[in-house]
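Q: Sharing a structure below in structure tokens format, with a few things to ask.
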Ligand SMILES: NC(=O)c1ccc[n+]([C@@H]2O[C@H](COP(=O)([O-])OP(=O)(O)OC[C@H]3O[C@@H](n4cnc5c(N)ncnc54)[C@H](OP(=O)(O)O)[C@@H]3O)[C@@H](O)[C@H]2O)c1
């Protein structure tokens, strides 16, 4: 297939390029196409001849900044851009996959969330991602939305790339810093390569639509995740629980395990972590 991928320099975008090697990807940067303008998107797509599938992994991910100065950009990137892409994809009859997040849920359900649960975001980032989901489905009723959580994997090529949690743990270990993490915010660490593999196996056919939860199985807090990373790395480090009170601008949902009922389960996050660490 010829796949148009927006967000290719991001962590998840990069995984599609690494994993789905039997497909041809077209990967414009933000300088190539103005995603705030449907005419610019349509012209770009028409200039490519035919496109078989469109993926959007672009996002404004700065959860705390979105509560203040970043709000406008979060709305632009997480709502308007997916809406524009969905409109153009629908007009050109192209199957469309958009990526969303576990932060659309309020995190009150300790047992986790299936695709059928009603989202209630607690923060601006979650609200913009939820608004983006709705805008996509409205503009392209056959679109696919994959919710993912707590991504890890090879460093993205983007100059704006944020460190993932594994990079933070490794950096603290190398600098022999005390590793103190909150024993809260239970969610599923998810390997970007596994997401790409699952999408390729189950969604590239384009014959399904709606919301899918794509997360490695199992869930943990930041503290328990750090313990497993250190254990698997086999390095000397002491991980302790942070006892101070979080002072983040955004309210973070406490339990957001993504339960998948529509696709076969992905492997456990511990097994995915093992494969990833063996490669790095
Ligand atoms: N990371 C996580 O833990 C996590 C958790 C839950 C859900 N998600 C969701 O998963 C998806 C992928 O996340 P990720 O971590 O791979 O993101 P990422 O590494 O931050 O990459 C985001 C990409 O979006 C592009 N982008 C941002 N603003 C843009 C704009 N205005 N125009 C064009 N491109 C723009 C960036 O382009 P540049 O390369 O030019 O900067 C970058 O390539 C997102 O939908 C995110 O909400 C992520």
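Bear in mind that the values in this text are calculations on the coordinates, not laboratory data. Please read all numbers here as calculations on a predicted model, not as lab measurements. Here the Cβ is made from the backbone with ideal geometry for all residues, glycine too, and neighbour counts use every protein chain on show.
Q: To the nearest 10 degrees, how steeply does helix 38-47 sit against the main Cα axis of the chain, on a 0 to 90 scale?
A: Tilt of helix 38-47: around 70 degrees.
Q: Using label points projected 7 Å from each Cα along Cα→Cβ, tell me how many nm separate residue 62 and residue 207, to one decimal.
A: Using points 7 Å along Cα→Cβ, the separation is 4.4 nm.
Q: Looking at the chain as a GNM with Cα springs under 10 Å, which of 148, 178, 211 has the largest mean-square fluctuation?
A: 178
Q: Please report the Cα spread of segment 46-103 along all three principal axes, rounded to whole Å, starting with the longest.
A: So the extents along the principal axes, rounded to whole Å, are 41, 21, 15.
Q: Now for a separate question. What share of all Cα pairs of segment 49-164, in percent, falls into each consecutive 5 Å distance bin?
A: Each 5 Å bin holds this share of Cα pairs: 2, 11, 20, 21, 20, 15, 7, 2, 0, 0.
Q: Mind sorting 223, 113 by how few other Cβ atoms lie within 10 Å of their own Cβ, fewest first?
A: 223, 113
Q: GNM on the chain, C-alpha springs below 10 Å: top fluctuator among 21, 221, 58?
A: Evaluated over the chain, the most mobile residue of the options is 21.
Q: Of 158, 22, how do they rank once you tally other Cβ atoms within 10 Å and put the fewest first?
A: Listed from fewest to most nearby Cβ atoms, that is 22, 158.
Q: For the chain, find the longest principal axis of its Cα atoms and tell me its angle to the long axis of helix 165-174, 0 to 90°, nearest 10.
A: It is inclined by approximately 40 degrees.
Q: Taking Cα atoms of segment 139-224, Rg/Rh with Kirkwood Rh, to two decimals?
A: For segment 139-224, the value is 1.07.
Q: Tell me the angle of helix 124-139 to the major Cα principal axis of the chain, expressed in degrees between 0 and 90 and rounded to the nearest ten.
A: 30
Q: Further, regarding this structure: Output the relative contact order of segment 69-193, whole-number percent, from Cα pairs under 8 angstrom with separation of 6+ residues.
A: 28
Q: Quote the convex hull volume per residue of the chain, based on C-alpha atoms, as a whole number of Å³.
A: So the per-residue Cα hull volume is 124 Å³.
Q: Compute the distribution of all C-alpha to C-alpha distances in segment 204-273, in bins of 5 Å from 0, and list the percent of pairs in each, rounded to whole numbers.
A: In whole percents, the pair-distance histogram is 3, 12, 17, 18, 16, 15, 10, 6, 3, 1.
Q: To check you understand DSSP bridge types, tell me what percent of the beta bridges within the chain (both residues inside) are antiparallel, rounded to 5.
A: Just about 5 percent of them are antiparallel.
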